[in-house]
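Q: What follows is a structure written as structure tokens; I'll ask about it next.
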Amino acid sequence: MDRIMVSVYIAVSLDGWIARNDGALDWLASMQVDGEDYGYAEFFAGVDSVVLGRATYETALCFDPWPYAGRSVVVLTHRALTARHGERTHAGALAPLMRALSDSGATRVYLDGGQAIRQALAEDLVDELTLSSIPIVLGDGRPLFGAGLPESKWLLQSSRGFPSGLVQSRYLRARP
């Protein structure tokens, strides 16, 4: 069976933060333009599974409607969780989870959450990065990348700017 595609689609400040220290995403509001989703609907239409960190999951629970309807959702956590939308949990290495998702018929995973993304990068599981650079410098917050990640090379597939100032770049992992 072919390897499952693991895709990241995330907004990042110019200085590399994906959320404030308290997890707040209020700074993204300046990019919300009526009728503009920056390609998210098209991206999400090609996703059959969502894997996200616990903090990201807790944030998503506040959204109405549930943003992952119709998708298999796995929450990465070591703590007990009461599923509200059929989600399940996983703890530990991500490679076995990705194999299990692939074996169950999944073809493309949307991976979300800073710690989850860093763990998948460390395990060399991420195949696609779509980074939406928001023209703001936060000064501090939760990082997308961090020290200790192995070096990896990426191939630019597309880059486009939007009237709001957001610049979105899509990369594929360069694999030997």
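Q: Being in a loop (DSSP other than H, G, I, E, B) and aliphatic (A, V, I, L, M) narrows it down to one of L121, L125, L129, so name that one. Write out each step before concluding.
A: Numbers: L121 fails: in a loop (DSSP other than H, G, I, E, B); L129 fails: in a loop (DSSP other than H, G, I, E, B).
Of L121, L125, L129, the one residue that is in a loop (DSSP other than H, G, I, E, B) and aliphatic (A, V, I, L, M) is L125.
Q: Please determine whether any residue of region 12-30 is among the basic types (K, R), part of a loop (DSSP other than H, G, I, E, B) and closer than 29 Å to A174 by Cβ.
A: no
Q: Further question on the same structure: Tally up the residues in region 87-118 that are among the small types (G, A, S), farther than 23 Å from L61 by Cα, in a helix (DSSP H, G or I) and touching a residue at least 24 places away in the same chain (Cβ under 8 Å), please.
A: Selection size over region 87-118: 2.
For every residue, the table says whether it meets (1) small (G, A, S); (2) under 23 Å from Y171 (Cα atoms); (3) surrounded by 14 or more Cβ atoms within 10 Å (Cβ to Cβ).
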| residue | (1), (2), (3) |
| --- | --- |
| A91 | yes, no, no |
| R99 | no, yes, no |
| Y110 | no, yes, yes |
| Q119 | no, yes, yes |
| V137 | no, yes, no |
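Q: Another question, if that's okay. Name the residues in region 150-176 that are in a loop (DSSP other than H, G, I, E, B) and open to solvent by 50 Å² or more (accessible area, probe 1.4 Å), would you? Show your work before the answer.
A: Restricting attention to region 150-176, the residues satisfying the condition of being in a loop (DSSP other than H, G, I, E, B) are 150-153, 162-166, 174-176.
Hits for region 150-176 are P150, E151, K153, P163, R175, P176.
Q: Answer yes or no: is there a residue in region 31-53 that is touching a Leu at 6+ places or on another chain (Cβ under 8 Å) and open to solvent by 50 Å² or more (accessible area, probe 1.4 Å).
A: For region 31-53, residues touching a Leu at 6+ places or on another chain (Cβ under 8 Å) and open to solvent by 50 Å² or more (accessible area, probe 1.4 Å): absent.
Q: Run down A41, A55 and say which single residue is more than 18 Å from S132 (Cβ to Cβ) and either among the hydrophobic types (A, V, I, L, M, F, W, C) or not in a loop (DSSP other than H, G, I, E, B) (or both).
A: A55 is the lone residue from the list that is more than 18 Å from S132 (Cβ to Cβ) and either among the hydrophobic types (A, V, I, L, M, F, W, C) or not in a loop (DSSP other than H, G, I, E, B) (or both).
The values are calculated or read from the model by the stated rules, or taken from the named source; none is laboratory data. For clarity, every value in this text was computed on a predicted model and none was experimentally measured. So basically every Cβ, Gly included, is an ideal-geometry build from the backbone, and we count neighbours across all protein chains shown. Side chains are part of the model used for accessible areas, which takes the heavy atoms of the whole protein and leaves out ligands, DNA and RNA. Shrake-Rupley method; radii C 1.70, N 1.55, O 1.52, S 1.80 Å.
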